[in-house]
1. Rounded to whole Hz and in sequence order, give me ³J(HN,Hα) for segment 183-193 from the Karplus expression 6.51 cos²θ - 1.76 cosθ + 1.60, θ = phi - 60°, writing x for Gly and Pro.
2. Give me, ordered by chain and number, the residues 5 or more places off L246 or on other chains with an amide H under 5 Å from its own placed amide H.
3. How many Å³ per residue does the convex hull of the Cα positions in segment 33-79 occupy?
4. What Kirkwood hydrodynamic radius, in Å, does segment 47-175 give when the mean of 1/r is taken over all pairs of distinct Cα atoms and then inverted?
5. Between Q256 and E100, what is the FRET efficiency for a Förster distance of 35 Å, r being their Cβ-Cβ separation, to the nearest 0.05?
6. At 0.36 nm per residue, and after removing the present C-alpha to C-alpha distance, how many nm does the segment from F247 to F173 gain when stretched out fully?
7. Which residues' amide hydrogens lie under 5 Å from the amide hydrogen of L136, considering only partners 5 or more residues apart or on another chain, with H built in the peptide plane?
8. Once phi is turned into θ = phi - 60°, what whole-Hz ³J(HN,Hα) does the Karplus curve with 6.51, -1.76 and 1.60 give for every residue of segment 222-231, x standing for Gly and Pro?
Amino acid sequence: KLASREFHPDDTVIEIKGVKIGGDELVVMGGPCAVESPEQIDEIARLVKASGAQVLRGGAFKPRTGPYSFQGIGVEGLVMMAEAGKKHGLLTITEVMTPEYVDVCAEYADILQVGTRNMQNFDLLRKLGTCGKPVLLKRGFSATYDEFLNAAEYILAGGNPNVMLCERGIRTFETYTRNTLDLAAIPVLKQLSHLPVISDPSHGTGRRELVVPMTKASVAAGADGLIIEMHTDPDNSMTGDGVQSLFPDQFANLLQDLEKLAPLC
Ligand code: PEP
Ligand code: MN
């Protein structure tokens, strides 16, 4: 299999505009759950950059559990985020939910994200095989490692070698946390695969106060990078993910701490 260590013994390093993901340095992706307005994403981009992170995250298309919840602002959000990324010198990552939107998302963002709910959307994965942009594939919240690696295989087999694996928490019997961040997934995936492994302690816990310790634990477990939600006004964010979003000063302090654990890109 293309994703396996046997096929490709050396770590895959994905280089995007000078940022190397999967090498010796940590990559940090930060930003809101959803792009809400030009002012919001511009201000958050400024803070993400000032903290030393390299990638701006933000969803324009949101995969909400219920159909009546805010669904994201769509293509306009892609434009706003691309502008903010360019202005502040950040790469950008955004979620794409359907094959039809792959081309427009690839036009505006540097990295395309596949959400947990779409990990086995095989038409989407096939389309991402030919999109020309790196893909961050999130683990399905009930997917085994084998199913996860097979999902990555669809993208690789389609001709795209630039895939990152993201552990974002799985469903367990525990209800205190939103998901259970499977820390063991990090070293297991590094053993089974050569692809970079990214941890998402925000969705992996669903609780702001757990994001800092689980970020540090992810780095200790061997993660190549982090994707972390940060918001300037989390209590009024347009998705429910404000409760797991760091405040800007927490995000900045966390990056300072991370530099002591591993060099940032
Ligand atoms: C997100 O990154 O905002 C998101 C919806 O993530 P997940 O697919 O892991 O729930
Ligand atoms: Mn979110």
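1. So the Karplus estimates, Gly and Pro as x, are 4, 4, 4, 5, x, 5, 5, 5, 6, 7, 9 Hz.
2. The answer is E229, M230, H231.
3. 75 Å³
4. Result for segment 47-175, one decimal place: 15.2 Å.
5. Given R0 = 35 Å and the Cβ-Cβ separation, E is 0.25.
6. Taking F247 through F173 to full extension adds about 23.7 nm, to one decimal.
7. Result for L136 returns L112, Q113, V114, M164.
8. x, 5, 8, x, 10, 10, 10, 7, 9, 9
Read-outs: derived from the displayed coordinates by stated rules, not from any lab. This is a predicted model, so every value here is computed, not measured. Don't worry about glycine lacking a Cβ; one is built from the backbone with ideal geometry, like all the others, and counts go over all protein chains shown.
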